[in-house]
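Values quoted throughout were computed directly from the atomic coordinates according to the rules given, and no laboratory measurement underlies them. Only a predicted model underlies this, so the values are computations on that prediction, with no experimental measurement involved. Cβ: placed from backbone, ideal geometry, glycine included. Neighbour counts: every protein chain shown.
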Amino acid sequence: MKAFARLLGAGFAVAALAASIPAIADVEQGIDAWLRGDFAEAVNQWRPLAIEGDADAQFNLATAYKLGRGVRADLVQAEQWYRRAALQGHEEAEDNYGLALFQNGRRAEALPWLEKSVARGEPRAEYILGTALFNGDLVAKDWTRAYALVTRASAAGLPQASKAIAQMDQFMPLDQRQQAVVLARQIESNRARPAVPAPVTTNLPPSQAAATTKPVGAPYPVPGAAAKPAPVVAKAVAPVKATAPEPKAAPRVAAPASGAWRVQLGAFSDATRAKTLWNGLQPKVKGLGAVQSFYVKAGAVTRLQAGPFASKADAERQCDAIKTAGQPCLTVKP
């Protein structure tokens, strides 16, 4: 099951694992055990299947190692299992593996994985690749695409991205920012994400020509459950001192004032696993009993969503309750 966590691994090693596959080993039984808090049993179900090559079991086992549930927390093991699932095309494993590589300083290795995640609209990947494009970190500078990607990440609710946009505004001429917003809307047309409003044309910081500015990149962290200080898109003269991100900081690019919002609980290669997760969570999480489930096909995967909610704030409150129950969640607007 492509579920449980969008968290970051760190380090890299090959785990020497050996186990026979018991007849009762089953990914869904592991999910049931996880949902009732029996993490050790969940790991026992997933490990033999992961060793055999089941991508969903590999992803779930990686998440258990990342969170330290059912096993001792081990970021090396987590990254290895994310990698194995990612190499089989497991999308959430690809996201986690690319982010882990970047966070661990292996940025050249991370770039191809980040590009794949960006193509699917993963906000953290958009934010990281966008700041890399702005600073020219291992890639040629492309301020228009950088601004567009970070704008999308900001619209998805990443506070780090909103702060990066404010810094980019100090260097980019207005016409270049307008081109970037057009590009962001083109990207948006293929994604169920908040709309990008027209750029503000008054009270903008003085623009500086790209040829005369030289942003100096400072290391920026991968946003995750335990976020480190916010990223820096540095000014031309001196780097801007990093500050800790505010979890509830409002994005600069506002979401539409109306429309039905949903929460997304994961993406699954097998639709029956999405239904199993929903049937297990609905009676346990306050608020889910009042909404309905949606099974949205997206290529080879099925996305489990629930709603509708009148506002993004309502959807975020429901996500908070879902995360408290141990299930990752994000807000989306179909």
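The figures follow:
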item: Computed E for Ala310/Arg106 - FRET, C-beta separation, R0 51 angstrom, nearest 0.05; result: 0.75
item: Trypsin sites (Lys or Arg not before Pro) restricted to DSSP loop in segment 44-82 with at most 10 other C-beta within 10 Å; result: Arg72
item: Equivalent ellipsoid semi-axes - Cα gyration tensor, segment 64-132, angstrom; result: 21, 13, 10
item: Over 23 Å between alpha carbons, listed pairs Lys66/Lys312; Lys66/Lys297; Lys116/Lys297; Lys66/Lys286; Lys297/Lys333; Lys275/Lys297; result: Lys66/Lys312; Lys66/Lys297; Lys66/Lys286
item: Segment 79-96 residues near the modelled Ala298 label - backbone nitrogen below 14 Å, point 7 Å along Cα→Cβ; result: 90-96
item: Filtered chymotrypsin sites (Phe, Trp or Tyr not before Pro), segment 258-334: DSSP coil and at most 15 other beta carbons within 10 Å; result: none
